[in-house]
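The next block holds one structure in the form of structure tokens; read it before the comments.
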Protein chains: 2
Amino acid sequence: MSEFPKTPRTSITRLPKRGAYDKETIYAILDEALYCTLAYSNEGQPFQIPTGFCRMGDKLYIHGSVGSFYLREISEKKLPVSIGVTLIDGIVLARSAFHHSVNYRSVVLFGKGEVVSDEDELYRALEVFTNKMCPGRWDDIRKPNKKEWKATLVLSFDLEEASAKIRTGGPKDDEEDYDLDIWAGVLPLKQEKQSLIPDPALKEGVEVPDYLK
Amino acid sequence: MSEFPKTPRTSITRLPKRGAYDKETIYAILDEALYCTLAYSNEGQPFQIPTGFCRMGDKLYIHGSVGSFYLREISEKKLPVSIGVTLIDGIVLARSAFHHSVNYRSVVLFGKGEVVSDEDELYRALEVFTNKMCPGRWDDIRKPNKKEWKATLVLSFDLEEASAKIRTGGPKDDEEDYDLDIWAGVLPLKQEKQSLIPDPALKEGVEVPDYLK
């Protein structure tokens with residue numbers, strides 16, 4: 001399967017031409033996003049949590065403390081969740097207020113979390129997660145010890161029901177507005193790395209590793 | 001009131017020292033964020049939508065098409081919603097995998113949307129929203145006409161129940177790990193403006209306005 005089925009929950013009804021359902025597009029957005037928003041509801045009250053995540057194959061993984069209230073809620077009660085990510089690529093500056101917009105790439109998916117108990121899967125999920133946040137980091141650091149593994153809860157979500165919504169390109173104005181003396185275009189935005197801040201307690205002689213340069 | 005009350009829904013239970021409840025902190029995060037995630041549930045199924053927003057005083061405003069399914073759902077059914085924003089400030093690189101973290105500023109609030117029908121409030125909300133995305137833009141552009149106002153739905157949410165969660169600073173490692181030969185510190189991240197992309201259909205002679213330089 002290279003395309004997700006359009007379900008009533010994932011079909012883009014508003015501006016459907018912005019919708020995408022193919023895995024390649026959806027997985028690329030998921031893999032670029034540094035965090036997701038996990039939404040669930042309990043007795044009609046919606047909640048949401050921003051949290052880090054990673055993808056391996058057709059599963060999405062989140063992790064946290066075994067003491068996390070929301071992780072226990074959604075895993076013990078098998079609550080249905082919605083997981084979303086949004087990347088903002090630019091502000092679209094039209095000639096009219098009405099046609100101002102934003103360039104973005106977003107994904108929403110639906111599923112239920114399963115507690116991951118397989119040790120190999122757990123280990124790989126943490127490795128992929130760490131290297132997603134900082135490529136190359138995993139091989140360099142102290143791996144979790146028994147006590148830390150015991151304190152960590154990892155949930156997996158099958159990627160079965162997902163869609164993306166994407167806007168790209170410049171402003172689309174009303175025909176009669178193109179003659180106005182108003183600047184129009186796109187102000188692109190990008191999340192960029194800044195200069196590294198070394199830990200003041202850094203051991204003497206430890207250099208910045210190549211993967212961080 | 002300069003502080004929001006801690007309610008069962010807004011109290012930070014996991015790492016409570018990261019919690020903040022004062023308006024100044026919460027409003028600064030809301031005012032910096034370019035979009036929010038609005039979560040609601042319908043018959044136990046959670047949904048979430050990323051959307052632009054602005055704040056005026058003690059109210060948060062979102063807008064969209066009168067044809068928007070979710071805006072109609074939450075306004076007609078008076079569904080309780082959760083609105084969240086998250087700003088990622090950096091990746092915290094500890095010596096141990098376990099103590100890796102992220103510097104972030106997030107806000108979650110709870111409320112119900114009210115349809116804004118007062119024309120002055122509508123107008124100001126769109127002005128504040130536009131100038132939030134691009135300071136100075138509103139005075140420069142063609143304002144909405146009657147047809148456009150009719151196609152626009154604006155909802156307001158009273159800011160009554162909100163909290164922030166914030167992490168700043170460097171890694172905190174276990175005592176015995178400080179002697180390891182592993183680089184540790186923070187990789188700061190920042191959403192930055194890139195070079196403007198003029199609309200290919202830009203009218204000849206229209207210059208980039210000062211507020212965009």
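Residues that are closer than 23 Å to A:Pro209 by Cα, of a type in the set (D, E, K, R) and within 12 Å of chain B (Cβ to nearest Cβ) within the range A:107-160 comprise A:Glu127, A:Lys132, A:Arg137, A:Asp139, A:Asp140, A:Arg142, A:Lys143, listed in sequence order.
Would you confirm whether or not the range A:38-49 contains a residue that is within 10 Å of chain B (Cβ to nearest Cβ), farther than 19 Å from A:Thr152 by Cα, among the hydrophobic types (A, V, I, L, M, F, W, C) and assigned to a helix (DSSP H, G or I)? Let's see the steps before the verdict.
Pass one, the range A:38-49, residues within 10 Å of chain B (Cβ to nearest Cβ): A:38-49.
Going one step further and asking which of them are farther than 19 Å from A:Thr152 by Cα, we end up with A:39-48.
From the residues that got through so far, the ones that are among the hydrophobic types (A, V, I, L, M, F, W, C) too are A:39, A:47.
When the remaining residues are screened for being assigned to a helix (DSSP H, G or I), the result is none.
Checked the range A:38-49: no residue is within 10 Å of chain B (Cβ to nearest Cβ), farther than 19 Å from A:Thr152 by Cα, among the hydrophobic types (A, V, I, L, M, F, W, C) and assigned to a helix (DSSP H, G or I).
Only residues that are at pLDDT 95 or above and farther than 20 Å from A:Tyr123 by Cα: list them for the range A:42-58, please. If the condition is that a residue be at pLDDT 95 or above and farther than 20 Å from A:Tyr123 by Cα, then A:Pro46, A:Phe47, A:Gln48, A:Ile49, A:Pro50 are the ones that fit. Is at least one residue of the range A:56-71 touching a residue at least 40 places away in the same chain (Cβ under 8 Å) and in a helix (DSSP H, G or I)? Yes - at least one qualifying residue is present in the range A:56-71. In this entry, B:Lys165 is excluded by the filter for residues that are closer than 25 Å to B:Ile29 by Cα, over 21 Å from the mean Cα position of the chain (by Cα) and more than 7 Å from chain A (Cβ to nearest Cβ). Only one of the listed residues (A:Glu3, A:Glu24) is farther than 27 Å from B:Leu79 by Cβ, surrounded by fewer than 14 Cβ atoms within 10 Å (Cβ to Cβ), without any contact (Cβ under 8 Å) to a residue 60 or more places away in the chain and in contact with an Asp or Glu (Cβ under 9 Å, 6 or more places away or on another chain). That residue is A:Glu3.
Against the definition (facing chain B (nearest Cβ under 10 Å), more than 30 Å from B:Glu43 (Cβ to Cβ) and buried (at least 22 other Cβ atoms within 10 Å of the Cβ)), how does A:Val102 come out, yes or no?
Numbers: facing chain B (nearest Cβ under 10 Å): yes; more than 30 Å from B:Glu43 (Cβ to Cβ): yes; buried (at least 22 other Cβ atoms within 10 Å of the Cβ): no.
Here the answer is no, as A:Val102 does not meet what is asked.
Looking at (1) surrounded by 15 or more Cβ atoms within 10 Å (Cβ to Cβ); (2) closer than 16 Å to A:Val92 by Cβ; (3) within 17 Å of the chain's Cα centre (by Cα), can you tell me which one A:Phe157 breaks? Only one criterion in (1) surrounded by 15 or more Cβ atoms within 10 Å (Cβ to Cβ); (2) closer than 16 Å to A:Val92 by Cβ; (3) within 17 Å of the chain's Cα centre (by Cα) is unmet by A:Phe157, namely (2).
The values are calculated or read from the model by the stated rules, or taken from the named source; none is laboratory data. These numbers were taken from a predicted model, which means no experiment stands behind them. Because the Cβ atoms are built from the backbone with ideal geometry, glycine has one as well, and the counts that use them run over all protein chains shown.
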